[in-house]
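The values are calculated or read from the model by the stated rules, or taken from the named source; none is laboratory data. Bear in mind the structure is a predicted one, so any value in this text is a computation, not a measurement. No Cβ is skipped: glycine too gets one built from the backbone with ideal geometry, and neighbour counts run over all protein chains shown.
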Amino acid sequence: MKYTYHPKVSEDLGRFGLRPRPTTPPALAKEFVNDLYRYELRTLRARLVARKIPRQGYSDRVVELRKKYFLLSIRLDLWAKADGT
């Protein structure tokens, strides 16, 4: 199966260093981005627990992280169009 990714989705995936091929299933690309998001979220939490960042403003950092990974809030069926084959 081949996929045509929406131009905005392709652009956003590129920000994460991901350039899916036409044969890359959108679910796989989303899983990769989700793994990056979880890694950054866990790292942020670990920095808070280690007192490397102040508790005050932590929620603002989490919100900024969510904004960075806005792509995850878009339904998967809107990421790409299946071309068949």
| field | Complete set of residues in region 47-61 that are surrounded by 12 or more Cβ atoms within 10 Å (Cβ to Cβ) and either of a type in the set (D, E, K, R) or part of a strand (DSSP E or B) (or both) | value | Arg47, Arg61
| task | Enumerate the pairs (first residue in region 59-85 and over 21 Å from Gly17 (Cα atoms); second residue anywhere and basic (Lys, Arg)) with beta-carbon separation below 6 Å, excluding pairs fewer than 6 apart on the same chain, so at least 6 apart or on different chains. | result | Asp83/Lys2; Thr85/Lys2
| Unique residue being among the basic types (Lys, Arg), at pLDDT 95 or above, closer than 12 Å to Leu13 by Cα and not in a loop (DSSP other than H, G, I, E, B) when the list is Lys30, Lys67, Lys81 | Lys30
| task | Take Thr24 and decide whether it is hydroxyl-bearing (Ser, Thr, Tyr), in a loop (DSSP other than H, G, I, E, B) and at pLDDT 95 or above. | result | yes
| said: For region 62-79: of the residues being surrounded by 12 or more Cβ atoms within 10 Å (Cβ to Cβ) and aromatic (Phe, Trp, Tyr), which is farthest from the chain's Cα centre (by Cα)? | reply: Trp79
